[in-house]
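For reference, the structure is listed below as structure tokens.
The values are calculated or read from the model by the stated rules, or taken from the named source; none is laboratory data. Bear in mind the structure is a predicted one, so any value in this text is a computation, not a measurement. So basically every Cβ, Gly included, is an ideal-geometry build from the backbone, and we count neighbours across all protein chains shown.
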Amino acid sequence: MEQKDIFHIQISNALPGYMGAALGLLLVFRNNTAYDKWWEARKELGALVNISRNFAIDINGFLPPGSKEKTRIATLLTCFIYALKEHLRNGVKMKDMQELEDADYKIIEQAQHKPSAIANLIMSRIEILWKEKILTDMQQYLLVTKINTLIDICGKCERIRNTPIPIAYGLLLKFFINIYVILLPIGLSHDLGWGALPLEIILYYIMMSIVLTAEEIEEPFGKDLNDLPFDEMAGKMKVNIQEIISYE
Amino acid sequence: MEQKDIFHIQISNALPGYMGAALGLLLVFRNNTAYDKWWEARKELGALVNISRNFAIDINGFLPPGSKEKTRIATLLTCFIYALKEHLRNGVKMKDMQELEDADYKIIEQAQHKPSAIANLIMSRIEILWKEKILTDMQQYLLVTKINTLIDICGKCERIRNTPIPIAYGLLLKFFINIYVILLPIGLSHDLGWGALPLEIILYYIMMSIVLTAEEIEEPFGKDLNDLPFDEMAGKMKVNIQEIISYE
Amino acid sequence: MEQKDIFHIQISNALPGYMGAALGLLLVFRNNTAYDKWWEARKELGALVNISRNFAIDINGFLPPGSKEKTRIATLLTCFIYALKEHLRNGVKMKDMQELEDADYKIIEQAQHKPSAIANLIMSRIEILWKEKILTDMQQYLLVTKINTLIDICGKCERIRNTPIPIAYGLLLKFFINIYVILLPIGLSHDLGWGALPLEIILYYIMMSIVLTAEEIEEPFGKDLNDLPFDEMAGKMKVNIQEIISYE
Amino acid sequence: MEQKDIFHIQISNALPGYMGAALGLLLVFRNNTAYDKWWEARKELGALVNISRNFAIDINGFLPPGSKEKTRIATLLTCFIYALKEHLRNGVKMKDMQELEDADYKIIEQAQHKPSAIANLIMSRIEILWKEKILTDMQQYLLVTKINTLIDICGKCERIRNTPIPIAYGLLLKFFINIYVILLPIGLSHDLGWGALPLEIILYYIMMSIVLTAEEIEEPFGKDLNDLPFDEMAGKMKVNIQEIISYE
Amino acid sequence: MEQKDIFHIQISNALPGYMGAALGLLLVFRNNTAYDKWWEARKELGALVNISRNFAIDINGFLPPGSKEKTRIATLLTCFIYALKEHLRNGVKMKDMQELEDADYKIIEQAQHKPSAIANLIMSRIEILWKEKILTDMQQYLLVTKINTLIDICGKCERIRNTPIPIAYGLLLKFFINIYVILLPIGLSHDLGWGALPLEIILYYIMMSIVLTAEEIEEPFGKDLNDLPFDEMAGKMKVNIQEIISYE
């Protein structure tokens, strides 16, 4: 075993080892932050399920049987869900809003930020009912805090959607992977010759699959296979709200 | 020691090393997310214990001794627990609901989403008591927020049950384990010959046991050994509620 | 250097390396979940300190100077703390309850779940004071939410006490350690001979000390050196409550 | 292969290995704490978006159409956002405050801590409206808790801005990197000669890029590429508030 | 290369490797728990900043201009901050309390637990103002919950100060470091001779610096360089409170 061989063992151990460790830590970090975003998005959709059920139970309990306002608020609530869903994609579709009363429909149509416009409309219904003494102070409070929760959920989903990982990390990671892929064969090829090629392809494939999965996962409001089933959930929420307000 | 030997040392070090590290990180990630789900499920069941005790303490304090409504609401509360338990498995069993009054029983029987139907029934009892001035505004508020908590717990358990790990991760992990098991012997068998076999079996067994444990753990509402003891806990909650409302 | 030697270098590197990494990850996981439990238990005891001070400050502010009810509720609060402490060990000791009024003492004596029975008694005092118009609606609300917090703390401590790590993990970890300890010397002894023995003892000792520490730490309500100083804290809480209600 | 060679293999393995592991753990720790700060800052800005929308929805619902007070409070709210933004940089710019009424402007101009002065002004508007019976107790409560949230967000952003990582860690990390860079070539150069130089440069670059990214990320309120887009967000919040209060 | 050399390569790889990994995990764990404590302490001080501003804004809004009670409560609030600061060190200094009214001063002087005594005094002021109908029910509620928050912050700081890491971990870590330092040279010195000494010193220094930093960091309420700047923050809070209540 000659001096030259030791040199290559060193390089092939040292370079992939140290750079690989640094890359590994960056990949773990990238993966965890992406998953945390995905999971937080899932929690917010769950919170939307809960608040829509609770809102429906509250108005069903507080408003008299057969009240038109009950249906109107329930429709606004359903429209909030559908508006939020498309607001997080390419913009609210007005065809989802067709069950609204005409006056409400026009306001939503002209609004720039449609979810908060719908929340505002629900607020005005609550205030009218409160002024007519159909809702007490305490019931007004219970419903207003639920409107506030709707807005919170909307804002949190927007934050998840609009906040990519800091640019510095994205650049660092891509730069490191490129450097690594360029330098790796220099160390390996001397000893392994062409045998280094499949190894390198596998390593590159693993790294890129983690990066791409992270990029896929951290935008959870689309319609891909890995995205959250918001369409299906919105449909279920609509059915749920309707079932709850039908008990009189 | 010839050139050929160095080649094999390299491969057997490099391939299991780098792929193994990537696999290790994915396995840690898989394991942690599964355990987090299990533990969150356990926390929600604990929250159910707490809210059922607090609900019972509240109605026992607010309603007059011997009140029929007290028993009725306590029964609805117990039924909510049993309904949620089976709702998270294969659907609510109506035989768990037999203590309900007939009118309530029929509504639950026809409801699609039974837990929220029961919460809705509790709400209507509260509203009737409030309209009859047996409950004040503040007491109504205390009980309504507890109904909202019941719905929150239900929604969170549904989220835990219905959200598998993103498909991308599941596929990635299974694909990597297969690749690893196919490539590993190529590197090892040259030097170790048949001696590589037991090592490979042990490694495969370890990896699969972690994956299978994760799959087992992340569905905690069933009846397996590793699932949460929801049946036993529901029984204890029932006894607890009954004991609390028996002090008059 | 012969072929045979390389074989043994391989085995002794490969087997402890890969299995050791898997074991290491499981040990880290075991240790972290145990410590998290311990720390959550410590937080709950801290929450008990805070709620007992706040409860005492509230009743001292709300009730008139020299009120007998103030002392009675403070005694019930102190008994709740002592009852919870022993409830988490081997069951409530009635000798801790001797400062209670006779009527209260008898109820607690017969109760199955003593902490919630005491909370129920505090609730009935609050309701009586409210019906006598000594407490307003808002003050009733402030005290009822504090009773709810007492029950929450009780439930969370019960959860920590009654939830071991999932059986699957416990078994996996013990099984792996045994396998590891059996296989390790096969790899090492050829090269190291009897020199492998102290190394193996040290490794086994390290692993077992982490497992045993985890088992010790995750049951924090006992009286061991590593358990939380609940006895001492309960004594301090009692003194604190008494000092607070003595300012009139 | 002589004794001398083994010595150098040992050193070059041992020193970068053990020190590198320690450095790696410190770098991971440094990176995670910096990112956590950045993400918490992002969450607080999101909370500011939510509270400003909810505040606007509340005052739009509670105050009569065309009310001057509605505009005045909305202006104060907008000014709070702009004041907080510059307060976290180099001090509030009074030119952002020009939409305020003269009396309000003068108070803000003289105030040392401008965001809390603005919150104080909003509070005085709420109290005047409440004394004039335009706001009920419950509506006063809903708005006061929102003012409290504004102050909470301000305090949390100040905490993120003013709390560097403990000095001990900063020193430790810089000291270790220097030691590492000095010692590394001693081990490597014997075997690798000048071949060690590029490896060392790459390792040093990786370490420093992680440290510098962390330093960049953990001060998120500036105007750099990696900072949060507070200017853009403040503009959007202003438009949002105006849109919401324009529905009457 | 003889059999004897392989033996030493094995030992020197195996022993520092496996023990080092175990030590590394324990050091990471030690470091993280210490930092988490430090950061939680920082958060609590931030919460104290927020609650003191909010308390001042509330009393400034609720109480009439020029009210003596406003100044009295603000002084009590400032004293709470100074009392908590020294309570977490060596005991409250009565010279910090000299701005209090005589009656209040005497009560604090005799109290064992001074922060809760001050909170109790604030409570009695609130109750007197409420009985005199200067504060409404809702305003009383807003201020009482803030007193409760003051007590919560006090309790959490006490918890951070009084809870060392479980004894088992402290012992384990010290024991392992000692064993490691004793065994390491046995493995290394054969090959490296005296060359092992500087390596060992560096490794020992790294380990001990992490342990000592952790011990330094986890007691954040003192006056060291690494402690939180509580003195400076208390001064700022005092100025802030005074500024807020000066707007009338």
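Remarks
- The single condition among (1) surrounded by fewer than 19 Cβ atoms within 10 Å (Cβ to Cβ); (2) more than 9 Å from chain C (Cβ to nearest Cβ); (3) modelled with pLDDT under 80 that B:LEU184 does not meet is (1).
- Condition check for A:GLU127: away from every other protein chain (no Cβ under 13 Å), out of contact with any strand residue (DSSP E or B) (no Cβ under 6 Å at 6 or more places or on another chain) and under 23 Å from B:VAL144 (Cβ atoms): no
- Residues considered: C:THR145, C:THR149, C:THR163. Of these, the only one that is among the polar types (S, T, N, Q), more than 7 Å from every other protein chain (Cβ to nearest Cβ), surrounded by fewer than 23 Cβ atoms within 10 Å (Cβ to Cβ) and within 20 Å of C:ALA41 (Cβ to Cβ) is C:THR149.
- Of the listed requirements (1) modelled with pLDDT under 95; (2) crowded, with 20+ Cβ neighbours inside 10 Å, C:ALA41 misses just one: (1).
- In region C:144-165, of all residues being free of Cβ contacts under 8 Å to residues at least 24 places away in the same chain and not polar (S, T, N, Q), the one that is nearest to B:ASP227 (Cα to Cα) corresponds to C:ARG159.
- Exclusive hit being outside the structural domain of D:ARG30 (by TED's automatic domain parsing), surrounded by fewer than 20 Cβ atoms within 10 Å (Cβ to Cβ) and under 25 Å from D:LYS238 (Cα atoms), set D:GLU132, D:GLU99: D:GLU99
- From the list C:LEU121, C:LEU63, the lone residue that is in the same structural domain as C:ASN240 (by TED's automatic domain parsing) and within 17 Å of C:GLN242 (Cβ to Cβ) is C:LEU63.
- Residues that are assigned to a helix (DSSP H, G or I), under 23 Å from C:ARG53 (Cβ atoms) and at the interface with another protein chain (Cβ under 9 Å from one of its Cβ atoms), drawn from region C:205-235: none
- Scanning region D:75-92 for residues that are modelled with pLDDT of 95 or more and at positive phi turns up nothing.
- So D:ILE245, is it under 25 Å from A:LYS114 (Cα atoms), of a type in the set (Val, Ile, Thr) and part of a helix (DSSP H, G or I): yes
- Some residue of region E:88-101 being under 22 Å from E:PRO229 (Cα atoms) and either touching a strand residue (DSSP E or B) at 6+ places or on another chain (Cβ under 6 Å) or touching a residue at least 60 places away in the same chain (Cβ under 8 Å) (or both): yes
- Exclusive hit being facing chain C (nearest Cβ under 7 Å), out of contact with any Gly (no Cβ under 6 Å at 6 or more places or on another chain), at pLDDT 95 or above and surrounded by 22 or more Cβ atoms within 10 Å (Cβ to Cβ), set B:ILE51, B:ILE57: B:ILE57
- Residue match in region A:226-236 (condition: at pLDDT 85 or above and over 30 Å from the mean Cα position of the chain (by Cα)): no
- Applying the condition of being more than 40 Å from the chain's Cα centre (by Cα) and at pLDDT 60 or above to region C:189-204 and asking which residue is farthest from the other protein chains (Cβ to nearest Cβ) yields C:TRP194.
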